[in-house]
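The values are calculated or read from the model by the stated rules, or taken from the named source; none is laboratory data. None of these values were measured; they are calculated from a predicted model. Heads up, the Cβs are rebuilt from the backbone with ideal geometry, glycines too, and the neighbour counts pull from every protein chain shown.
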Amino acid sequence: MISRMKTQVQCSGYFCGISVTQVLFFMALMVATVFSGAAARGQSSAQSSAQSSAQNAALAQQVEAIYPEAQMLYLDLHEHPELSGHETRTAEIMAGKLRALGYEVTEHVGGTGVVAILKNGAGPVVMLRTELDALPVTEETGLPYASKVTAKDDSGRSVGVMHACGHDVHMATLFGTAAVMAKTKDTWHGTLMLVGQPAEEVIRGAKAMVDDGLFTKFPRPDVGVALHDENGIAVGQVGVTPGYSKAAADSLRITVYGKGGHGARPESTIDPVVMAASIVVRLQSIISREIHPGDAAVITVGYIQAGTKNNIIPDHAEMGLTVRSYTPEVRQHLLAAIERVAKAEAMASGADKMPTVEHYESTGAVYNDTKLTQHEEAVLASVVGKNNVVHEPPLMTSEDWAVYVEQGIPGFYYTLGVADPQKLAAAHASHKELPSNHSPLFAPVYQPALHTGIATEVSILRDLLKGSSADVKKVTEEKQTGN
Ligand SMILES: [Zn+2]
Ligand SMILES: [Zn+2]
């Protein structure tokens, strides 16, 4: 009852006012007429179209059967978000639901991480991952199921907590997918490995799970799949980015040391504020003068802290940097150049003590296996229609999915549209953006999004969970980024 009422509030897009069954029927019909992935495999288009249509109609029914439970899970998770590394309730609920579906579930992997395995005969091992964590954001959507949760963050401050990145969409989708896969074991074979990863927002969870034996205590995946929701794409659409899709991120803390004294007697001091200011300006010339104009790179100084009073020259200053790049070569160049600039500016200022550069947080770039992406793009098109697969440009934001790819697991990380199509079109018409992920106003149109999420995940998994590991290798790049 409650969830139906909530659904109506949320549903303001083109699916509004029609039932879920109608939506799915419409989707299946649209797909059958728009595109058939099987056509690419050389069958006659009439044959493959009929086959695709029948498959999509069956899939639509399977999604429909699990949808009410997936929606209840979504609303529950949305109302009970938990901060990174503290996802105890979330993990427990996910573990319980997957166990009830017949998965072999292990909890507390790399903290609150969950691993759920479903073995179904010989075949490849395919990993599907969701994140578990929410953000320190106070929800302002005004939705009836909005989060009212507050919690203490790791520094002891009281903060609002919200699933402002849509990880609740990912979890409910993964649950729906898990259910469909468990109930249709005749449509695939191999080993399905579901991963509930904690602490993605602080880029720590993937590493913690790998360090805790994700790929040694459990079957090592031949390939990994994940999705992320996105408010820049309409519901019903998905986005793909072959190659680098998200950047490597390095967090640096630079402390420069001067000599404190009276603000009116600069000649008796070495001013760390001037030193820090020079470093900030000089750092930008690394991007503009040292990096190839065709290579993407960002250096942002997010904070400078120094001093206490206007007429006192402090003895040190601290700067916080985020450094973004795609390729390992550019990344190494940036990190070395930042250290060089910091030292050189300290020398230029006549400092007695050289700066310290602490590299306290990092993750690699998200690389989508180009061959796999091309292959799965056709699978996605067969589900949502070719016109609903959007090619997205790479972004300089980051995500610790990179950790799995760095372990040598070829990855396919795609985007799930969650925007109300009418609101999105209106925003674009006035050259505006809808509230993005991490905004207190982020409000995915969850009902159709969950349908598309489950249908696409199931289709990708069925596509990969057939044949053997060798068959999976055939649809991935020959050279893997091993470590
Ligand atoms: Zn996210
Ligand atoms: Zn996020």
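Structure values in brief
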| read-out | value |
| --- | --- |
| Among residues of segment 396-436, those that are of a type outside the set (K, R) and surrounded by fewer than 16 Cβ atoms within 10 Å (Cβ to Cβ), counted | 11 |
| Any hit, segment 259-268, residues being in contact with a Phe, Trp or Tyr (Cβ under 7 Å, 6 or more places away or on another chain), farther than 30 Å from S382 by Cα, surrounded by fewer than 24 Cβ atoms within 10 Å (Cβ to Cβ) and not assigned by TED's automatic domain parsing to the domain that holds G96 | no |
| Total residues in segment 453-478, condition crowded, with 23+ Cβ neighbours inside 10 Å and either under 17 Å from the mean Cα position of the chain (by Cα) or free of Cβ contacts under 8 Å to residues at least 40 places away in the same chain (or both) | 4 |
| Yes/no for I299 being among the hydrophobic types (A, V, I, L, M, F, W, C), assigned to a helix (DSSP H, G or I) and modelled with pLDDT of 95 or more | no |
| Subset of segment 342-368 (residues that are crowded, with 21+ Cβ neighbours inside 10 Å and among the hydrophobic types (A, V, I, L, M, F, W, C)) | A342, A346, A365, V366 |
| Boolean, I270 is in contact with a helix residue (DSSP H, G or I) (Cβ under 6 Å, 6 or more places away or on another chain) and modelled with pLDDT of 95 or more | no |
| Tally, over segment 393-410, of residues that are under 18 Å from E230 (Cα atoms) and within 16 Å of ligand 2 (Cβ to nearest atom) | 7 |
| Single match in D168, D153 (criterion: closer than 29 Å to Q61 by Cβ, in contact (Cβ under 8 Å) with a residue 24 or more places away in the chain and in contact with a strand residue (DSSP E or B) (Cβ under 8 Å, 6 or more places away or on another chain)) | D168 |
| So E82, is it within 13 Å of D133 (Cα to Cα) and touching a residue at least 60 places away in the same chain (Cβ under 8 Å) | yes |
| Helices (runs of 4 or more DSSP H) within segment 350-431 that include 2 or more residues within 25 Å of D463 (Cβ to Cβ), assigned by TED's automatic domain parsing to the domain that holds F215 and among the hydrophobic types (A, V, I, L, M, F, W, C) | 370-384, 402-406 |
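Residues checked against (1) of a type in the set (A, V, I, L, M, F, W, C); (2) within 19 Å of T456 (Cα to Cα); (3) surrounded by fewer than 17 Cβ atoms within 10 Å (Cβ to Cβ):
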| position | (1), (2), (3) |
| --- | --- |
| E64 | no, yes, no |
| P68 | no, yes, yes |
| Y74 | no, yes, no |
| G96 | no, no, yes |
| A100 | yes, no, yes |
| T141 | no, no, no |
| S147 | no, no, no |
